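Report on one structure; see the data block that follows.
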Amino acid sequence: MTFVENVLSVWMLGLCALISLLMLGLALWQRPWQVLLEDSALQHRLMAATIGVMLMWQLRAQAVDWLSLHLMFTALMTLMFKAPLALCINVAINLAMVLIGRTAWELLGVNVLISGVVPAMVMVLVWRLVDRYLPDNLAIFFFVCGFFGSAFATLACGLVTVAIVWLGASDPQVWYVVQDYALFLPLLMPSEGFITGMLLSLLLVYHPHWVATFSSHRYIDTK
(Lines give C-alpha, C1' and ligand atoms only; values in the text may rest on other atoms or scores of the structure.)
Protein backbone atom coordinates (compact mmCIF):
# COMPACT_ATOMS: atom_id res chain seq x y z
CA MET A 1 0.00 0.00 0.00
CA THR A 2 1.23 3.45 -0.89
CA PHE A 3 -0.04 7.01 -1.10
CA VAL A 4 -0.74 8.24 -4.63
CA GLU A 5 -2.07 11.71 -3.79
CA ASN A 6 -0.87 14.14 -1.16
CA VAL A 7 -3.39 14.44 1.67
CA LEU A 8 -0.83 14.99 4.44
CA SER A 9 0.50 18.10 6.12
CA VAL A 10 3.97 19.34 5.29
CA TRP A 11 5.31 18.52 8.76
CA MET A 12 4.13 14.90 8.48
CA LEU A 13 5.71 14.51 5.05
CA GLY A 14 8.96 15.91 6.44
CA LEU A 15 8.88 13.65 9.50
CA CYS A 16 8.26 10.52 7.42
CA ALA A 17 11.01 11.52 4.98
CA LEU A 18 13.43 12.07 7.88
CA ILE A 19 12.66 8.66 9.41
CA SER A 20 13.02 6.95 6.03
CA LEU A 21 16.29 8.76 5.36
CA LEU A 22 17.69 7.77 8.75
CA MET A 23 16.74 4.13 8.24
CA LEU A 24 18.23 4.13 4.75
CA GLY A 25 21.41 5.65 6.15
CA LEU A 26 21.51 2.92 8.80
CA ALA A 27 21.09 0.29 6.08
CA LEU A 28 23.86 1.78 3.96
CA TRP A 29 26.11 2.10 7.03
CA GLN A 30 26.14 -1.71 7.16
CA ARG A 31 27.71 -1.70 3.67
CA PRO A 32 25.39 -4.20 1.96
CA TRP A 33 27.09 -3.54 -1.38
CA GLN A 34 30.14 -5.50 -0.21
CA VAL A 35 28.13 -8.73 -0.38
CA LEU A 36 26.88 -7.78 -3.85
CA LEU A 37 30.37 -7.10 -5.16
CA GLU A 38 31.54 -10.50 -3.99
CA ASP A 39 28.64 -12.52 -5.43
CA SER A 40 27.63 -11.96 -9.05
CA ALA A 41 24.77 -14.46 -8.75
CA LEU A 42 23.33 -12.38 -5.90
CA GLN A 43 23.45 -9.33 -8.14
CA HIS A 44 21.32 -11.12 -10.72
CA ARG A 45 18.83 -12.31 -8.11
CA LEU A 46 18.51 -8.84 -6.61
CA MET A 47 17.96 -7.23 -10.00
CA ALA A 48 15.38 -9.85 -10.96
CA ALA A 49 13.59 -9.42 -7.62
CA THR A 50 13.54 -5.64 -8.00
CA ILE A 51 12.06 -5.79 -11.50
CA GLY A 52 9.58 -8.50 -10.49
CA VAL A 53 8.29 -6.61 -7.47
CA MET A 54 8.09 -3.37 -9.45
CA LEU A 55 5.91 -5.11 -12.04
CA MET A 56 3.71 -6.65 -9.33
CA TRP A 57 3.18 -3.20 -7.82
CA GLN A 58 1.35 -2.26 -11.03
CA LEU A 59 -1.44 -4.65 -9.97
CA ARG A 60 -3.15 -2.30 -7.55
CA ALA A 61 -6.61 -1.30 -6.39
CA GLN A 62 -7.83 2.14 -5.39
CA ALA A 63 -9.75 1.82 -2.14
CA VAL A 64 -9.82 5.62 -1.94
CA ASP A 65 -8.58 8.23 -4.39
CA TRP A 66 -5.38 8.96 -2.50
CA LEU A 67 -4.34 5.47 -1.40
CA SER A 68 -3.34 2.48 -3.51
CA LEU A 69 -3.62 -1.11 -2.25
CA HIS A 70 -1.14 -3.65 -3.57
CA LEU A 71 1.10 -6.50 -2.44
CA MET A 72 4.38 -5.18 -1.04
CA PHE A 73 6.70 -8.26 -1.00
CA THR A 74 8.99 -6.44 1.45
CA ALA A 75 8.69 -9.29 3.94
CA LEU A 76 9.90 -11.78 1.33
CA MET A 77 12.73 -9.47 0.25
CA THR A 78 13.82 -9.16 3.89
CA LEU A 79 13.97 -12.94 4.26
CA MET A 80 15.80 -13.35 0.96
CA PHE A 81 18.33 -10.52 1.17
CA LYS A 82 18.11 -9.31 4.81
CA ALA A 83 16.85 -5.88 5.84
CA PRO A 84 19.55 -3.53 4.42
CA LEU A 85 19.28 -4.83 0.85
CA ALA A 86 15.50 -5.22 1.15
CA LEU A 87 15.18 -1.56 2.09
CA CYS A 88 17.42 -0.54 -0.82
CA ILE A 89 15.18 -2.56 -3.17
CA ASN A 90 12.10 -0.82 -1.77
CA VAL A 91 13.64 2.63 -2.19
CA ALA A 92 14.57 1.82 -5.80
CA ILE A 93 11.01 0.67 -6.55
CA ASN A 94 9.45 3.74 -4.95
CA LEU A 95 11.83 5.94 -6.95
CA ALA A 96 10.71 4.12 -10.09
CA MET A 97 7.07 4.82 -9.19
CA VAL A 98 7.93 8.51 -8.94
CA LEU A 99 9.81 8.54 -12.25
CA ILE A 100 6.98 6.91 -14.19
CA GLY A 101 4.46 9.31 -12.67
CA ARG A 102 2.51 6.90 -10.47
CA THR A 103 3.23 8.90 -7.30
CA ALA A 104 4.40 12.43 -6.53
CA TRP A 105 7.98 13.02 -5.39
CA GLU A 106 6.90 14.55 -2.06
CA LEU A 107 5.28 11.21 -1.14
CA LEU A 108 8.54 9.28 -1.53
CA GLY A 109 9.48 9.45 2.15
CA VAL A 110 6.11 8.37 3.51
CA ASN A 111 5.79 5.56 0.95
CA VAL A 112 9.25 4.21 1.79
CA LEU A 113 8.31 4.32 5.47
CA ILE A 114 5.03 2.46 4.99
CA SER A 115 6.01 -0.07 2.33
CA GLY A 116 9.67 -0.53 3.24
CA VAL A 117 10.82 0.46 6.71
CA VAL A 118 7.85 -0.80 8.72
CA PRO A 119 7.48 -4.28 7.14
CA ALA A 120 11.25 -4.81 7.12
CA MET A 121 11.48 -3.98 10.84
CA VAL A 122 8.58 -6.30 11.65
CA MET A 123 10.15 -9.15 9.68
CA VAL A 124 13.50 -8.63 11.41
CA LEU A 125 11.77 -8.90 14.79
CA VAL A 126 9.87 -12.04 13.75
CA TRP A 127 13.00 -13.64 12.30
CA ARG A 128 15.00 -12.84 15.44
CA LEU A 129 12.27 -14.45 17.52
CA VAL A 130 12.37 -17.61 15.40
CA ASP A 131 16.17 -17.64 15.25
CA ARG A 132 16.81 -17.24 18.98
CA TYR A 133 13.85 -18.61 20.89
CA LEU A 134 11.97 -21.17 18.80
CA PRO A 135 13.08 -24.74 17.99
CA ASP A 136 15.17 -25.40 14.88
CA ASN A 137 12.25 -26.69 12.89
CA LEU A 138 11.70 -26.11 9.18
CA ALA A 139 7.93 -25.87 9.57
CA ILE A 140 8.28 -23.23 12.29
CA PHE A 141 10.56 -21.10 10.09
CA PHE A 142 8.26 -21.55 7.12
CA PHE A 143 4.96 -20.77 8.82
CA VAL A 144 6.05 -18.17 11.38
CA CYS A 145 8.29 -16.18 9.05
CA GLY A 146 6.60 -16.87 5.73
CA PHE A 147 2.90 -16.74 6.58
CA PHE A 148 2.39 -15.09 9.94
CA GLY A 149 5.37 -12.75 9.76
CA SER A 150 4.32 -11.22 6.47
CA ALA A 151 0.71 -10.96 7.68
CA PHE A 152 1.85 -9.12 10.81
CA ALA A 153 4.00 -6.86 8.64
CA THR A 154 0.95 -5.99 6.54
CA LEU A 155 -1.05 -5.26 9.68
CA ALA A 156 1.71 -2.99 10.96
CA CYS A 157 1.79 -1.11 7.65
CA GLY A 158 -1.95 -0.60 7.80
CA LEU A 159 -1.90 0.64 11.38
CA VAL A 160 0.98 3.01 10.63
CA THR A 161 -0.93 4.34 7.62
CA VAL A 162 -4.01 4.99 9.77
CA ALA A 163 -1.85 6.68 12.42
CA ILE A 164 -0.13 8.89 9.84
CA VAL A 165 -3.46 10.02 8.41
CA TRP A 166 -4.95 10.53 11.87
CA LEU A 167 -2.04 12.69 13.03
CA GLY A 168 -1.07 14.51 9.85
CA ALA A 169 -3.98 14.71 7.41
CA SER A 170 -4.29 18.14 5.81
CA ASP A 171 -8.06 17.70 5.46
CA PRO A 172 -10.07 16.44 8.47
CA GLN A 173 -12.43 14.65 6.09
CA VAL A 174 -9.60 12.29 5.12
CA TRP A 175 -9.67 10.74 8.59
CA TYR A 176 -13.25 9.58 8.06
CA VAL A 177 -12.34 8.12 4.68
CA VAL A 178 -9.37 6.16 6.06
CA GLN A 179 -11.72 4.25 8.33
CA ASP A 180 -13.15 2.60 5.21
CA TYR A 181 -9.62 1.61 4.20
CA ALA A 182 -9.10 -0.07 7.58
CA LEU A 183 -11.85 -2.52 6.63
CA PHE A 184 -9.56 -3.95 3.93
CA LEU A 185 -6.82 -4.93 6.38
CA PRO A 186 -8.31 -8.37 7.22
CA LEU A 187 -8.28 -9.08 3.46
CA LEU A 188 -4.77 -7.78 2.82
CA MET A 189 -3.15 -9.73 5.65
CA PRO A 190 -3.94 -13.31 4.48
CA SER A 191 -3.30 -12.44 0.82
CA GLU A 192 0.18 -11.06 1.56
CA GLY A 193 0.86 -13.98 3.90
CA PHE A 194 -0.27 -16.58 1.37
CA ILE A 195 1.74 -15.17 -1.53
CA THR A 196 4.86 -14.70 0.61
CA GLY A 197 4.53 -18.17 2.13
CA MET A 198 3.99 -19.79 -1.26
CA LEU A 199 7.04 -18.12 -2.81
CA LEU A 200 9.13 -18.85 0.28
CA SER A 201 8.17 -22.53 0.15
CA LEU A 202 9.34 -22.74 -3.48
CA LEU A 203 12.63 -21.12 -2.58
CA LEU A 204 13.22 -23.39 0.41
CA VAL A 205 12.57 -26.49 -1.67
CA TYR A 206 14.55 -25.65 -4.81
CA HIS A 207 17.00 -22.90 -3.82
CA PRO A 208 17.33 -22.64 -0.03
CA HIS A 209 20.69 -20.89 -0.39
CA TRP A 210 18.86 -17.95 -1.98
CA VAL A 211 17.19 -17.19 1.38
CA ALA A 212 19.81 -15.31 3.39
CA THR A 213 17.99 -15.75 6.70
CA PHE A 214 17.70 -19.53 6.29
CA SER A 215 20.38 -22.03 7.30
CA SER A 216 20.20 -25.37 5.50
CA HIS A 217 22.67 -26.89 7.96
CA ARG A 218 20.61 -25.81 10.95
CA TYR A 219 17.14 -26.64 9.71
CA ILE A 220 17.78 -29.58 7.36
CA ASP A 221 21.22 -31.21 7.60
CA THR A 222 21.15 -31.67 11.37
CA LYS A 223 17.73 -33.31 11.41
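Yes/no matrix, rows are residues, columns are (1) in contact (Cβ under 8 Å) with a residue 12 or more places away in the chain; (2) among the small types (G, A, S):
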position: I19; (1), (2): yes, no
position: L22; (1), (2): no, no
position: P32; (1), (2): yes, no
position: L37; (1), (2): no, no
position: H44; (1), (2): no, no
position: I51; (1), (2): no, no
position: N90; (1), (2): yes, no
position: L95; (1), (2): yes, no
position: G101; (1), (2): no, yes
Query raised in the report: What number of residues within the stretch 41-57 are among the polar types (S, T, N, Q) and open to solvent by less than 60 Å² (accessible area, probe 1.4 Å)?
Result: 1
Requested in this report: Output the number of the condition that L37 fails; it satisfies all remaining conditions of (1) part of a helix (DSSP H, G or I); (2) modelled with pLDDT under 90; (3) open to solvent by less than 50 Å² (accessible area, probe 1.4 Å).
Outcome: (3)
Report summary line: K82 meets each of (1) assigned to a helix (DSSP H, G or I); (2) surrounded by 16 or more Cβ atoms within 10 Å (Cβ to Cβ); (3) at negative phi with one exception, condition (3)
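Out of the stretch 40-60, which residues are at pLDDT 90 or above and farther than 16 Å from N90 by Cα? Write out each step before concluding.
The first filter runs over the stretch 40-60 and keeps only residues at pLDDT 90 or above, leaving 40-57.
Within the stretch 40-60, S40, A41, L42, H44 meet the criteria.
Yes/no matrix, rows are residues, columns are (1) of a type in the set (A, V, I, L, M); (2) farther than 17 Å from L202 by Cα:
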position: L134; (1), (2): yes, yes
position: A139; (1), (2): yes, no
position: C145; (1), (2): no, no
position: A153; (1), (2): yes, yes
position: L159; (1), (2): yes, yes
position: L167; (1), (2): yes, yes
position: V174; (1), (2): yes, yes
Query raised in the report: Which of the residues that make up the stretch 195-223 are touching a residue at least 24 places away in the same chain (Cβ under 8 Å), open to solvent by less than 30 Å² (accessible area, probe 1.4 Å) and either of a type in the set (K, R) or farther than 18 Å from V124 by Cα (or both)?
Result: L203, L204, Y219
Query raised in the report: Of the residues that sit in the stretch 158-194 and are closer than 13 Å to V7 by Cα and either touching a Pro at 6+ places or on another chain (Cβ under 7 Å) or not in a helix (DSSP H, G or I) (or both), which one is least open to solvent (accessible area, probe 1.4 Å)?
Result: A169
Query - Selection within the stretch 61-79 - closer than 30 Å to H209 by Cβ and either assigned to a loop (DSSP other than H, G, I, E, B) or open to solvent by 20 Å² or more (accessible area, probe 1.4 Å) (or both) - result: H70, L71, M72, F73
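The values are calculated or read from the model by the stated rules, or taken from the named source; none is laboratory data. These numbers were taken from a predicted model, which means no experiment stands behind them. No Cβ is skipped: glycine too gets one built from the backbone with ideal geometry, and neighbour counts run over all protein chains shown. Heads up: the accessible areas ignore ligands, DNA and RNA and are worked out on the full protein's heavy atoms, side chains in. Shrake-Rupley method; radii C 1.70, N 1.55, O 1.52, S 1.80 Å.
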